[in-house]
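The values are calculated or read from the model by the stated rules, or taken from the named source; none is laboratory data. What you see is a predicted model; the values in this text were computed from it and never measured. Positions of Cβ are backbone-derived with ideal geometry, glycine not excepted, and every protein chain shown enters the neighbour counts. Remember, those area values only see protein heavy atoms, side chains included, never the ligands or the DNA or RNA. Shrake-Rupley method; radii C 1.70, N 1.55, O 1.52, S 1.80 Å.
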Amino acid sequence: MRYVEHGVVVTAVWVSDPTIDPAVALENILRTDLPYEVEVIAEAKRFYKSHGASFSGWIVSVGKGLSHSDPIPNKPEAMAQLRHDVAERFHRPVHA
């Protein structure tokens with residue numbers, strides 16, 4: 001799992017081939033002819049009241065926007081939430 005920061009968005013990206021730059025994989029995510037798989041696991045996005053949002057802060061979303069956090073006031077807390085959500089996504093219960 002690697003993170004790609006692009007302006008006000010931080011994306012947690014999984015790439016099946018660890019030699020591929022995650023930023024490049026993210027740019028090519030819609031291509032179907034790639035020799036590797038790429039998946040967006042979660043994303044933290046910054047919102048601003050001055051740009052029309054109802055709050056200033058961060059929202060962390062998981063999967064394809066199926067789950068999202070309440071507003072988070074600052075980037076360090078948003079990154080902690082993002083890392084936590086990624087860890088939860090890959091957590092596999094141990095069966096006896």
If one compares the long axis through the Cα atoms of helix 75-90 with the longest principal axis of the Cα atoms of the chain, the angle in degrees, nearest 10, works out at 40
Whole-number accessible area per residue in Å² for the chain, which is evaluated in the context of all protein chains at 1.4 Å | 68
State, as an integer percentage, the relative contact order of the chain based on alpha-carbon contacts under 8 Å between residues 6 or more apart.
-> 20
Could you work out which residue, out of His84, His68, His51, moves most in a Gaussian network model of the chain, that is, has the largest mean-square fluctuation with Cα springs under 10 Å?
-> His51
With the full set of protein chains in place, find how many percent of the accessible area of region 2-91 is carbon and sulfur; take the probe as 1.4 Å.
-> 54
The ratio Rg/Rh over the Cα atoms of the chain, Rh being the Kirkwood inverse mean 1/r radius, stands at 1.02
Within region 1-47, which trypsin sites (Lys or Arg not before Pro) sit in a loop by DSSP and count at most 10 neighbouring Cβ atoms inside 10 Å?
-> Arg31
